[in-house]
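The values are calculated or read from the model by the stated rules, or taken from the named source; none is laboratory data. Please read all numbers here as calculations on a predicted model, not as lab measurements. As a convention, Cβ positions derive from the backbone with ideal geometry for all residues, glycine included, and neighbour counts pool all protein chains shown. For the accessible areas, the whole protein counts, side chains as well, though only heavy atoms, and no ligand, DNA or RNA atoms are used. Shrake-Rupley method; radii C 1.70, N 1.55, O 1.52, S 1.80 Å.
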Amino acid sequence: MNIYDVSKRAGVSIATVSRVLNGNPNVSEKTRTKVHTVMDELGYTPNVFARGLGLGTMKTIGIMCSDSSDPYLANAIYYLEQQLRGNGYDSILCCTGPSLENKKTYFELLLSKKVDAVILAGSKFVELIDKDNRYLMDAAKELPVMLVNGFLDAPGIYSTVCNDYEAMYHVARRLIESGRKHILYLYTSHSYSGLNKVEGYKKALADHNIPVRREYIHQCAKNLTDSRKLMEELADSGLVFDAVMTSDDSLAVGAVKFAYERNISVPEELAIVGYNNSLLSYCTNPEISSVDTKIRELCTTTVDTLMSVFAGGSVPTKTVIAADFIQKQTTNF
């Protein structure tokens with residue numbers, strides 16, 4: 001039983017339930033009575049420990065990520081927790097998986113723990129359908145909601161994002177200007193970040209009068225085996241490509257393995273570009289040229305912004321950080 005069940009049964013928002021639990025005076029007596037009645041019916045027990053302390057803060061921040069085994073998100077969690085601890089805050093981590101219902105459930109769990117703010121690590125928490133983001137916007141009326149590399153325009157929500165569009169545009173432009181005309185693009189998701197990446201790739205092609213062709217853009221599971229198999233299938237179907245750009249280093253590792261198995265020279269015959277400049281990009285031979293999304297800076301800036309919000313300062317709702325391209329051995333610009 002959680003706060004979402006209470007809000008659904010009572011016919012009010014999660015934010016309203018939260019206001020009742022916090023004793024907020026801006027709730028009508030009728031609504032307050034209805035919420036308490038539903039809580040009794042459902043046997044819902046709020047976090048009595050936090051309420052019993054009678055403090056304005058628990059000095060605790062909730063962190064949500066979709067997959068803590070992902071190297072990018074694992075690094076994000078590490079930097080966020082480290083920065084929060086340096087500011088005197090503890091953290092509670094919830095790993096949600098991709099399901100929207102799970103995201104809502106874990107978010108409500110964090111609210112019930114009386115956290116002072118929630119940080120959402122990764123762009124997969126911003127849904128493509130606006131109504132699916134309503135639970136975040138409602139909660140942001142009561143406490144700060146911080147997005148790491150995701151953007152949602154609503155009061156109380158603060159975003160720190162990497163300029164993925166510009167990063168991909170820059171890489172595609174350099175590949176084209178170095179003579180590559182058939183650039184394969186592999187991506188993992190339609191997240192906020194994922195959409196910006198593919199749009200950067202498309203714009204670079206359009207600006208150089210190269211048609212954007214559907215057969216050169218493919219979604220792929222986030223692992224090296226699937227990307228290698230996909231490239232094998234595309235090559236066997238007759239598709240010709242002289243470069244491959246990927247939305248994650250794991251896909252680029254699969255591209256290196258594909259080239260090795262087909263005796264394709266890298267980067268002379270096939271240029272390969274990864275994304276995130278993770279440890280994976282250094283573990284292949286040749287090492288993979290990759291976009292550094294500044295994950296440490298993203299997380300540090302997110303926590304710094306949160307501390308400014310707590311201090312009552314005037315802070316931007318969106319902060320954009322530029323990426324770097326780290327050239328290694330799979331490109332020869």
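Values as computed for the structure displayed
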read-out	value
Modelled label reach - Gln327, point 7 Å along Cα→Cβ, the stretch 240-268 residues with backbone N closer than 15 Å	267-268
Histogram of C-alpha separations across the stretch 49-183, 10 Å bin width, %	11, 38, 29, 13, 6, 2, 0
Filtered trypsin sites (Lys or Arg not before Pro), the stretch 231-327: DSSP coil and at most 15 other beta carbons within 10 Å	Arg262
Gaussian network model of the chain, springs between alpha carbon atoms under 10 Å - residue of Asn149, Asn209, Asn285 with greatest fluctuation	Asn209
Extension gain from Val315 to Ile129, taking 0.36 nm per residue of separation minus the Cα-Cα distance	64.2 nm
Neighbourhood net charge (15 Å Cβ-Cβ; Lys/Arg +1, Asp/Glu -1) for Asn102	-3
For the chain, the longest site-free run once GluC sites (Glu not before Pro) in DSSP loop states with at most 13 other Cβ atoms within 10 Å are removed	1-267
DSSP beta bridges in the chain [antiparallel fraction, %, rounded to 5]	10
Expected 222 nm ellipticity per residue - DSSP helices of 4 or more, -39500 (n - 2.57), all of the chain, to 500	-13500 deg cm²/dmol
Alpha-carbon Rg/Rh ratio, for the chain, with Rh computed the Kirkwood way	1.06
Surface share of carbon and sulfur [accessible, 1.4 angstrom probe, percent] for the stretch 81-233	47
Dipole of the chain, positive end: most advanced residue of Leu111, Val6, Ile217 [Cβ charges, Cα centre]	Val6
Extension gain (nm, one decimal) between Arg85 and Val212, 0.36 nm per residue minus Cα-Cα	41.1 nm
Kirkwood Rh in Å, taken over the stretch 232-333 so that all alpha-carbon pairs contribute	15.4
Extended-chain gain in nm, criterion 0.36 nm per residue less alpha-carbon gap, Glu29 and Thr225	64.7 nm
Under 12 Å, Cβ to Cβ, from Ala172 - net charge with Lys/Arg +1 and Asp/Glu -1	+3
Mean separation of Cα contacts under 8 Å (6+ apart) over length of the stretch 206-325, as relative contact order %	18
Pairwise FRET efficiency - Glu166 versus Ser99, Cβ, R0 = 30 Å, nearest 0.05	0.45
Which listed pairs, of Lys203/Lys318; Lys30/Lys104; Lys131/Lys202; Lys8/Lys103, have C-alpha distances above 21 Å, in listed order	Lys203/Lys318; Lys30/Lys104; Lys131/Lys202
Under 10 Å, Cβ to Cβ, from Glu127 - net charge with Lys/Arg +1 and Asp/Glu -1	+2
Relative contact order (percent, whole number), the chain, Cα cutoff 8 Å, 6+ residue spacing	15
FRET efficiency for Leu279 and Glu177, using Cβ-Cβ distance with R0 set to 35 Å, rounded to 0.05	0.75
Lys318 long-range amide H proximity, modeled H, under 5 Å	Ser159
Solvent-accessible area per residue, Å², over the stretch 226-316 with all protein chains present [probe radius 1.4 Å]	41
